[in-house]
Amino acid sequence: MSDDCIFCRIIKGELPAQFVYKDEKVVVIRDINPQAPTHLLVIPREHVPSADKVEDPSLWSQVMGVATKVAKDLGLVEDGYRVVLNCGDRAGQTIYHLHVHVLSGRFFRWPPG
Ligand code: 5GP
Ligand code: ZN
C-alpha cells in the first residue's frame, strides 16, 4: 500500500469509488472519466506501479481472469469490449498503480490513436 496512491486509497476505503467487483486480490471500479458507455478499471490490491514491475506472473491471470469475468457478468460480450493497459507516460499511463481498462458500448477503431 502506498499512502499517496489514489488507487491504494480507494482500495483502503479512504476515497470513494463505484465498485462493481471485489475479491481478495483484485477490485473493479468504474472510471471517473469514462471513455465509453462502460469503462471499468481492474486493479490488483497489491501496489505494483506498472506492468514492467510485476514480479509474480500469477498476478496476470488474476487480473485478466477478473476482467473476463466482469465482462461476462455485466453482459459486455455480445457488444464486444476492449481491454487496455497503458504502461509509461508516452503510452498514456497517469496512475502508477497497475490497472487494466475494460471498455465497451461503442465502436472502437483499430489501430488506436
Ligand atoms: P491510466 O491513464 O493510468 O491508464 O488510467 C488511469 C485512469 O484512472 C483514467 O482513465 C482516469 O480517468 C482514472 N481515474 C483517475 N482518478 C480516478 C479516481 O479518483 N477515481 C476513479 N474511479 N478513476 C480515476
Ligand atoms: Zn497503489
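Summed over segment 2-28, residues that are surrounded by fewer than 16 Cβ atoms within 10 Å (Cβ to Cβ), of a type outside the set (Gly, Ala, Ser) and more than 21 Å from MET64 (Cα to Cα) total 6.
Could you list, in sequence order, all residues of segment 47-89 that are in contact with a Cys (Cβ under 7 Å, 6 or more places away or on another chain) and loosely packed, with under 14 Cβ neighbours inside 10 Å?
We begin by selecting, within segment 47-89, every residue in contact with a Cys (Cβ under 7 Å, 6 or more places away or on another chain); these are 47, 50-52.
Scanning segment 47-89 gives a single hit, ASP52.
Taking segment 1-44 as the range and being within 11 Å of ligand 2 (Cβ to nearest atom) and modelled with pLDDT of 95 or more as the test, the residues that pass are CYS5, ILE6, PHE7, CYS8, ARG9, ILE10, ILE11, LYS12, ILE43, PRO44.
Residue-wise test of (1) modelled with pLDDT of 95 or more; (2) at positive phi.
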site: GLU46; (1), (2): yes, no
site: SER58; (1), (2): yes, no
site: VAL63; (1), (2): yes, no
site: VAL77; (1), (2): yes, no
site: VAL84; (1), (2): yes, no
site: TYR96; (1), (2): yes, no
site: GLY105; (1), (2): yes, yes
site: TRP110; (1), (2): yes, no
site: GLY113; (1), (2): no, no
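Taken over segment 33-51, residues that are in a loop (DSSP other than H, G, I, E, B), out of contact with any Leu (no Cβ under 9 Å at 6 or more places or on another chain) and within 13 Å of ligand 1 (Cβ to nearest atom) amount to 1. Which of the residues spanning segment 31-58 are free of Cβ contacts under 8 Å to residues at least 24 places away in the same chain and either touching a His at 6+ places or on another chain (Cβ under 7 Å) or of a type in the set (A, V, I, L, M) (or both)? Within segment 31-58, just ILE32 meets the criteria. Residues being outside any helix (DSSP H, G or I), within 15 Å of the chain's Cα centre (by Cα), surrounded by fewer than 17 Cβ atoms within 10 Å (Cβ to Cβ) and among the small types (Gly, Ala, Ser) are represented in segment 92-104 by at least one member. Among the residues of segment 1-23, those that are in contact (Cβ under 8 Å) with a residue 24 or more places away in the chain, in a loop (DSSP other than H, G, I, E, B) and away from ligand 1 (no atom under 11 Å from the Cβ) comprise MET1, SER2, ASP23.
The values are calculated or read from the model by the stated rules, or taken from the named source; none is laboratory data. Since this is a predicted model, take the numbers as computed values, not measurements. Cβ: placed from backbone, ideal geometry, glycine included. Neighbour counts: every protein chain shown.
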